[in-house]
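Asker: Could you have a look at this structure, given as structure tokens, before my questions?
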Amino acid sequence: MSLDDIGKFISSLDGVLTLEPQPGDGSPEISWGDLFFYYAPDGVVPRAQPFATIVTKNYPDDERSRLDRPDTYRVNIAVGAATFRTLIGREPREPVPRESETDDVDPSTADVLIAHPVYAGAGWVSVVNPGVHTTPTVHELLRSAHGRAQDTYERRTRSK
């Protein structure tokens, strides 16, 4: 699955606002070319974290996925604590045993679902270059994350 394919899939979900920072739009240079997905049917960026992102490069303190390789990107999905436990087999905030530091999975391995290298504690998972093994799961997790973001948006809208 290409970066464009996954970006189009997420953007096709109802009410999704896709932000793609670019030079000259006031966004930090480090974010240029990455994609941030929000549930925002009104087109206004909510005061919330995105439900998914696609990053195309290493960030400071987030280099273990080796996104500096050609044609390499990482899909990041906010799955929440319960789904994280089911997928990863531990609590999001539970420390990873020292000897493995990455749940025994190299975070640069393509087409493998892993705890997010930085944001696992917040219930995020990641996949570098989703392929035949992870695409169905990634689609399911993205739909679920979108649904949770939609529920949150609707609760906030009703409470105003």
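The values are calculated or read from the model by the stated rules, or taken from the named source; none is laboratory data. Because the structure is a prediction, the values reported are computed rather than measured. In this analysis, Cβ positions are derived from the backbone assuming ideal geometry, glycine residues included, and neighbour counts consider all displayed protein chains.
Asker: Considering 149, 145, 110, 122, which residue is among the aliphatic types (A, V, I, L, M), at pLDDT 95 or above and either touching a Leu at 6+ places or on another chain (Cβ under 6 Å) or farther than 30 Å from residue 44 by Cα (or both)? It would help to see each step written out before you state the result.
Answerer: On the way: 149 fails: either touching a Leu at 6+ places or on another chain (Cβ under 6 Å) or farther than 30 Å from residue 44 by Cα (or both); 145 fails: either touching a Leu at 6+ places or on another chain (Cβ under 6 Å) or farther than 30 Å from residue 44 by Cα (or both); 122 fails: either touching a Leu at 6+ places or on another chain (Cβ under 6 Å) or farther than 30 Å from residue 44 by Cα (or both).
Among 149, 145, 110, 122, only 110 is among the aliphatic types (A, V, I, L, M), at pLDDT 95 or above and either touching a Leu at 6+ places or on another chain (Cβ under 6 Å) or farther than 30 Å from residue 44 by Cα (or both).
Asker: Taking the conditions exactly as written (within 12 Å of residue 76 (Cα to Cα) and at pLDDT below 95), does residue 117 satisfy them or not? Walk me through how you get there before you give the answer.
Answerer: Values: within 12 Å of residue 76 (Cα to Cα): yes; at pLDDT below 95: yes.
Considered against the rule, which asks whether it is within 12 Å of residue 76 (Cα to Cα) and at pLDDT below 95, residue 117 comes out as yes.
Listed here are the residues, each with its yes/no results for (1) closer than 20 Å to residue 55 by Cα; (2) small (Gly, Ala, Ser); (3) within 17 Å of the chain's Cα centre (by Cα); (4) not in a helix (DSSP H, G or I).
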residue	(1), (2), (3), (4)
121	yes, yes, yes, no
138	yes, no, yes, no
146	yes, no, yes, no
154	no, no, no, no
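This table checks each residue for (1) of a type in the set (Phe, Trp, Tyr); (2) surrounded by 15 or more Cβ atoms within 10 Å (Cβ to Cβ); (3) farther than 18 Å from residue 15 by Cβ.
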{"site": "109", "(1), (2), (3)": "no, no, yes"}
{"site": "114", "(1), (2), (3)": "no, yes, yes"}
{"site": "119", "(1), (2), (3)": "yes, yes, yes"}
{"site": "130", "(1), (2), (3)": "no, yes, yes"}
{"site": "133", "(1), (2), (3)": "no, no, yes"}
{"site": "142", "(1), (2), (3)": "no, yes, no"}
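Asker: Moving on. Taking the stated definitions as given, is residue 33 surrounded by 15 or more Cβ atoms within 10 Å (Cβ to Cβ), in contact with a helix residue (DSSP H, G or I) (Cβ under 7 Å, 6 or more places away or on another chain) and at positive phi?
Answerer: Details: surrounded by 15 or more Cβ atoms within 10 Å (Cβ to Cβ): yes; in contact with a helix residue (DSSP H, G or I) (Cβ under 7 Å, 6 or more places away or on another chain): no; at positive phi: yes.
For residue 33, the condition - surrounded by 15 or more Cβ atoms within 10 Å (Cβ to Cβ), in contact with a helix residue (DSSP H, G or I) (Cβ under 7 Å, 6 or more places away or on another chain) and at positive phi - is not met.
Asker: Any idea how many residues of the stretch 58-79 are outside any loop (DSSP other than H, G, I, E, B) and either surrounded by 15 or more Cβ atoms within 10 Å (Cβ to Cβ) or out of contact with any helix residue (DSSP H, G or I) (no Cβ under 7 Å at 6 or more places or on another chain) (or both)?
Answerer: If we filter the stretch 58-79 for residues that are outside any loop (DSSP other than H, G, I, E, B), which is where we start, we get 59, 62, 74-78.
Filter once more, keeping what is either surrounded by 15 or more Cβ atoms within 10 Å (Cβ to Cβ) or out of contact with any helix residue (DSSP H, G or I) (no Cβ under 7 Å at 6 or more places or on another chain) (or both): 62, 74-78.
Qualifying residue count, the stretch 58-79: 6.
Asker: Next question, about the same structure. Quick one: residue 36 ticks every box in (1) in a loop (DSSP other than H, G, I, E, B); (2) under 17 Å from the mean Cα position of the chain (by Cα) except a single one, so which number is it?
Answerer: (1)
Asker: I want to confirm something. Restricting to the stretch 3-30 and keeping residues that are part of a loop (DSSP other than H, G, I, E, B) and touching a helix residue (DSSP H, G or I) at 6+ places or on another chain (Cβ under 9 Å), which single residue is farthest from residue 79 (Cα to Cα)? Working first, answer last.
Answerer: Pass one, the stretch 3-30, residues part of a loop (DSSP other than H, G, I, E, B): 12-15, 20-28.
Adding the requirement that they be touching a helix residue (DSSP H, G or I) at 6+ places or on another chain (Cβ under 9 Å) leaves 13-15, 20-21, 23.
Working: 13: 16, 14: 18, 15: 19, 20: 22, 21: 24, 23: 30 Å.
Per the stated criteria, the residue is 23.
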